[in-house]
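The values are calculated or read from the model by the stated rules, or taken from the named source; none is laboratory data. Owing to the predicted nature of the structure, the values given are computational and were not obtained by experimental measurement. Cβ sites come from the backbone with ideal geometry, for glycine too, and all protein chains shown count toward neighbours. Note: areas computed on protein heavy atoms with side chains; ligands, DNA, RNA excluded. Shrake-Rupley method; radii C 1.70, N 1.55, O 1.52, S 1.80 Å.
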Amino acid sequence: MDKWEERLSCALACHRCGAALGKDDKRILSVYDHEPICMACKKAEEQRPDYEAESRETIGRCMAETEVLYSDPGGYCLHHFYPFTCK
């Protein structure tokens, strides 16, 4: 596993609130700063008035940059929208 993928998928704490994340705890990438956050913070993120627009921009940018250039290594784009655990 690449170092960036391990850092994101195996983060030990939520980047936003600092809550501990165990190996089997679900986490997801923020559409705002692309850092791993806990599911409670994701729910709060989804309540922001600009979330829908930011989500569309994130997936569009991700698909154009990451998927086209790098074939979306490790499901990076999908990790913004589907929870994952440490591999």
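For residue 16, what residues show an amide H to amide H distance below 5 Å, using hydrogens built from the backbone and excluding near sequence neighbours?
It is 38, by chain and number.
Show me the trypsin sites (Lys or Arg not before Pro) within the range 1-65 that DSSP assigns to loop and that have at most 11 other Cβ atoms within 10 Å of their Cβ.
23
Taking a ≥ b ≥ c as the square roots of the eigenvalues of the Cα gyration tensor of the chain, is the shape rounded (a/c under 1.5), prolate (a/b larger than b/c) or oblate?
oblate
Might you tell me the accessible area per residue for the chain, computed with a 1.4 Å probe and given in Å²?
Numbers: 5330 Å² over 87 residues.
Value returned for the chain: 61 Å² of accessible area per residue.
Over the chain, what is the relative contact order in whole percent, taking alpha-carbon pairs under 8 Å and six or more residues apart?
It comes to 35 percent, rounded to a whole number.
So, in nm, how far is label residue 5 from label residue 51 when the simple model puts each one 7 Å beyond its Cα toward the Cβ?
With each label point 7 Å from Cα toward Cβ, the separation is 2.9 nm.
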